[in-house]
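Data block below; observations after.
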Amino acid sequence: MVDLIPSSDTVMQILKRTGAFREGHFVYPNGKHSPHYFQMPLAFRYYDTARVLAVALSRKFRVDRDISSQLPKVSIVSPSSGGIPVAFGVRDALSAQQIYWAEQEADKRRFRQYINKGEVNPCIMVDDIIRSGNAIEETDALVKELGAPVIGCGAIVRFTSATDKLGAVPIRSLVEFDAHMYDEGDECSDCRKDVPVKHVRF
Ligand SMILES: [Zn+2]
């Protein structure tokens with residue numbers, strides 16, 4: 001039987017090969033040190049890879065009867081620019097009718113102007129990576145303001161430290177990643193070995 005959803009290991013191999021998963025001594029904007037960093041758009045720059053990842057994620061939604069019974073009158077919604085290629089790929093795989101995405105504008109997350117209440121189909125929210133869960137929670141509030149229910153949520157990678165539910169909706173992912181974050185200094189094994197740091201933007 002064909003393996004319809006690639007294993008977490010297979011997905012991690014894709015992310016490594018494309019440079020989206022990186023190992024080193026990284027400093028995050030919040031000052032935390034980590035031996036790992038995900039730069040997900042590097043995996044989505046290759047059309048074939050983007051397609052494999054988005055189709056795999058779409059299968060996690062299609063198996064849900066509540067979701068599949070509402071297709072194609074569904075919106076695929078991304079909380080940010082990183083999730084846009086995921087949203088288009090998942091939309092294609094599910095033949096969903098609509099796509100929306102939010103953007104950060106002067107530190108506030110919003111949809112573009114002139115999207116009216118009642119125009120948005122029930123939503124499946126997708127992102128490339130869920131680190132804290134803040135982006136999807138903020139977008140969930142925006143979607144609800146527009147009068148649309150969220151019926152599904154997922155990402156290619158979810159940090160296990162982030163929430164695994166959005167209200168009653170489970171968050172589906174291809175990889176559940178146990179991210180290690182340390183304070184600078186003795187706690188960080190790379191600091192102890194004087195490994196030069198790389199600062200990452202977000
Ligand atoms: Zn360090």
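The values are calculated or read from the model by the stated rules, or taken from the named source; none is laboratory data. All of these numbers come straight from a predicted model, not from anything done at the bench. Heads up, the Cβs are rebuilt from the backbone with ideal geometry, glycines too, and the neighbour counts pull from every protein chain shown.
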Here is a check on your reading of the model: is Phe44 in contact with a strand residue (DSSP E or B) (Cβ under 9 Å, 6 or more places away or on another chain) and within 16 Å of the ligand (Cβ to nearest atom)? no
Which of (1) over 16 Å from Met40 (Cβ atoms); (2) acidic (Asp, Glu); (3) away from the ligand (no atom under 16 Å from the Cβ) does Asp128 not meet, given it meets every other one? (1)
Just a yes or no: is a residue in the range 122-141 surrounded by fewer than 18 Cβ atoms within 10 Å (Cβ to Cβ), in contact with a Phe, Trp or Tyr (Cβ under 9 Å, 6 or more places away or on another chain) and either at pLDDT 95 or above or more than 23 Å from Tyr37 (Cα to Cα) (or both)? no
State whether the residues of the range 177-198 include one that is more than 10 Å from the ligand (Cβ to nearest atom), closer than 16 Å to Asp128 by Cα and in a strand (DSSP E or B). yes
Tell me whether the range 155-168 contains one or more residues that are of a type in the set (Asp, Glu), in contact with a strand residue (DSSP E or B) (Cβ under 7 Å, 6 or more places away or on another chain) and not in a helix (DSSP H, G or I). yes
Checked pairs for the range 49-74, first outside any helix (DSSP H, G or I), second among the charged types (D, E, K, R), C-beta under 9 Å and 6 or more apart or across chains, list as Asp64/Arg172; Leu71/Arg62; Val74/Arg91
Scanning the range 5-48 for residues that are more than 18 Å from the chain's Cα centre (by Cα) and assigned to a strand (DSSP E or B), the one surrounded by the fewest Cβ atoms within 10 Å (Cβ to Cβ) turns out to be Glu23
